[in-house]
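Q: I have a structure here, written as C-alpha cells, and I will follow up with some questions on it.
Since every read-out is calculated from the coordinates, none of them should be taken as a lab result. These figures come from a predicted structure and were not determined experimentally. All Cβ positions, even for glycine, are placed from backbone atoms using ideal geometry, and neighbour counts span all protein chains on display.
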Amino acid sequence: MSLRPRQQRGTIPWMPDTYGRSHLGVPLEVWRPRDSCKLLIFAGIHGEEPETTFALSRALRHLSRPSLQCAVVLAANPDGLIRGTRCNARGVELNRNFPARDWRPEPVAHRATMDDPRDVLLSPGPHPASEQETQALIALIGELRPETVIALHAPLACIDDAGQGPVAQWLAQRTGLPLVQDVGYPTPGSFGSWGAEQGLAVVTYEFPLAPSDELVRDHVPVLVELLTGAGPRAQSTDTSAPAPQGADG
Ligand SMILES: [Zn+2]
C-alpha cells in the first residue's frame, strides 16, 4: 500500500463508523478495514494514556485508504481522555469491567506513577460489562470477529501475551520490548482475560515511559507496518492458537 505524502498526514482521509456512545454521549468510532478484519488495534481505554491515541492516529494518517484487514479504534474510552482520567465518566476502570470469569466486585488498586505505591482505588463497575463503552467494544468484536486484538497501553514497556503468539513475537522482535506472559500483578476483569476466554489472541502493547517525540519515532513505524499488512502476517499465518489466559494492565 502506498503511503500518503507527509504534507497530507494532518487528517484521516476517510470517515469512521460509530459503534456506540460513551456515557457522556461521545461517539465511539471505528475505522473499518476494506476486507475481512484479521486484526483490531485499539487505543485509549485508559484516559491517562493519551499517547496511545496520538501514536495510533499518527500511524493511521500515513494510509491513503483504509487498511485491508485491520480495524482501528482510536479512543475506547473517550470520556476518560476528555477528562484525563484512567476511568470512564462514571468512575469505572473499563479494563477491569470485562465479563471474564475472574471479574471481582472489589475496587482495584492502581498507582499514580511508576514510583508510587499501588494506593489509588478504582471501581471495576457494579457488575461485569456494566459500562456502555465495555458493551460496545464487546459487540464490535462480535461483529468484526478479528483473529487478533492489539490493546495499546503505557508505560510498562513490554509486549504482553499469555499465549506468546506470532503477533506478540513479531512485536517484541520489532520493538525490542520484552515479551512477557503477564504484567506482574492480577488483572481481574481485564480485556485480555475476557478475550482469551473468547478464543481471541490478545496482545497488550505497552509503550515505554517516553516523550511523545520518541514514541512517534520508535512506535509509529511499527503501527504503520501493522496497518499496511507489512508486519507479522508476512512472517506467519498461525494465529489460530488462543491464549490460555490473558492479562493486561
Ligand atoms: Zn493502560
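Q: Classify the stretch 1-105 as rounded, prolate or oblate from the Cα gyration tensor: take a ≥ b ≥ c as the square roots of its eigenvalues, call it rounded if a/c is under 1.5, otherwise prolate when a/b beats b/c and oblate if not. Spell out each step's value before the answer.
A: Numbers: a/c = 2.35, a/b = 1.72, b/c = 1.36.
The shape class here is prolate.
Q: State the antiparallel share, in %, of DSSP beta bridges confined to the stretch 6-234, rounding to the nearest 5. Mind showing how you got there, number by number?
A: Working: 12 of 29 bridges.
Rounded to the nearest five, the antiparallel share is 40 percent.
Q: How long is the gain from Ser2 to Asp116 if the chain were fully straight, where each residue apart is worth 0.36 nm and the alpha carbon distance is subtracted? Present the calculation step by step, with values, prior to reporting the outcome.
A: On the way: separation 114, 0.36 × 114 = 41.04 nm, distance 4.48 nm.
So the extension gain works out to 36.6 nm.
Q: Can you list the residues, at least 5 places off or on another chain, whose amide H is less than 5 Å from the amide H of Leu28, using H built in the peptide plane?
A: Answer set, sorted by chain and number: Tyr19, Gly20, Arg21, Ser22.
Q: Leu179's amide H: which non-local residues (gap 5+, or another chain) put their own amide H closer than 5 Å, with H modeled 1.01 Å from N in plane and none for Pro or chain starts?
A: Excluding prolines and chain starts, which carry no amide H, the hits are Ile159.
Q: Still on this structure, I have one more. Roughly what % of DSSP beta bridges within the stretch 1-101 run antiparallel, to the nearest 5? Walk me through the intermediate numbers first.
A: Details: 6 of 10 bridges.
Antiparallel bridges: around 60 percent, rounded to the nearest 5.
Q: Moving on to the next point. Please return the longest stretch of the chain lacking exposed loop sites, where trypsin sites (Lys or Arg not before Pro) count only if DSSP places them in a loop and at most 12 other Cβ atoms lie within 10 Å. Intermediate values should be presented prior to the final figure.
A: On the way: sites that count: Arg34, Arg101, Arg111, Arg118.
In the chain, the maximal stretch lacking such sites is 119-249.
Q: Can I ask one more? Taking the Cα centre of the stretch 6-234 as origin and charging only Cβ (+1 Lys, Arg; -1 Asp, Glu), how large is the dipole, in debye to the nearest 20? List each step's numbers first, then the result.
A: On the way: 21 positive and 26 negative charges, 153 e Å.
Dipole size: approximately 740 debye.
Q: Using the crude model of +1 on Lys and Arg Cβ and -1 on Asp and Glu Cβ, and no other charge, please compute the dipole size for the stretch 37-153 relative to its Cα centre, in debye to 20. Present the calculation step by step, with values, prior to reporting the outcome.
A: On the way: 13 positive and 14 negative charges, 79 e Å.
About 380 debye.
Q: I've got another one for you. Starting at the first residue of the stretch 155-161, write each ³J(HN,Hα) from the Karplus equation 6.51 cos²θ - 1.76 cosθ + 1.60 with θ = phi - 60°, in whole Hz, x for Gly and Pro.
A: Along the stretch 155-161, the couplings run x, 7, 6, 7, 10, 10, 8 Hz.
Q: Moving to a separate point now. Roughly how tilted is helix 50-60, in degrees to the nearest 10 and between 0 and 90, from the longest Cα axis of the chain?
A: The angle comes out at about 20 degrees.
Q: Further question on the same structure: Translational D (Stokes-Einstein, µm²/s) of the stretch 6-234 at 25 °C and 0.890 mPa s when Rh comes from the Kirkwood sum over C-alpha pairs? Intermediate values should be presented prior to the final figure.
A: Values: Rh = 17.5 Å.
Estimated diffusion coefficient is 140 µm²/s.
Q: Per residue of the stretch 204-212, in order, report the coupling 6.51 cos²θ - 1.76 cosθ + 1.60 (Karplus, θ = phi - 60°) as ³J(HN,Hα) in whole Hz, putting x for Gly and Pro.
A: Ordered by residue, 3J(HN,Hα) equals 9, 9, 9, 5, x, 6, 7, x, 4 Hz.
Q: In whole Hz, what ³J(HN,Hα) sequence does the stretch 25-30 give by Karplus (6.51, -1.76, 1.60; θ = phi - 60°), x for Gly and Pro?
A: Here the 3J(HN,Hα) series is x, 6, x, 8, 10, 10 Hz.
Q: If each DSSP helix of 4+ residues adds -39,500 (n - 2.57) and the sum is divided by the residues in the chain, what number results at 222 nm, nearest 500 deg cm²/dmol? Walk me through the numbers on the way to the answer.
A: On the way: 6 runs with 64 residues, N = 249.
Mean residue ellipticity at 222 nm (helix-derived): -7500 deg cm²/dmol.
Q: Expressed as an acute angle from 0 to 90° and rounded to the nearest 10, what is the orientation of the C-alpha long axis of helix 132-144 relative to the principal long axis of the chain?
A: The angle comes out near 40 degrees.
Q: With the dipole of the chain worked out from charges on the C-beta (+1 for Lys and Arg, -1 for Asp and Glu) around the Cα centre, which of Leu60, Gln135, Trp194 lies farthest toward the positive end?
A: So the residue furthest toward the plus end is Leu60.
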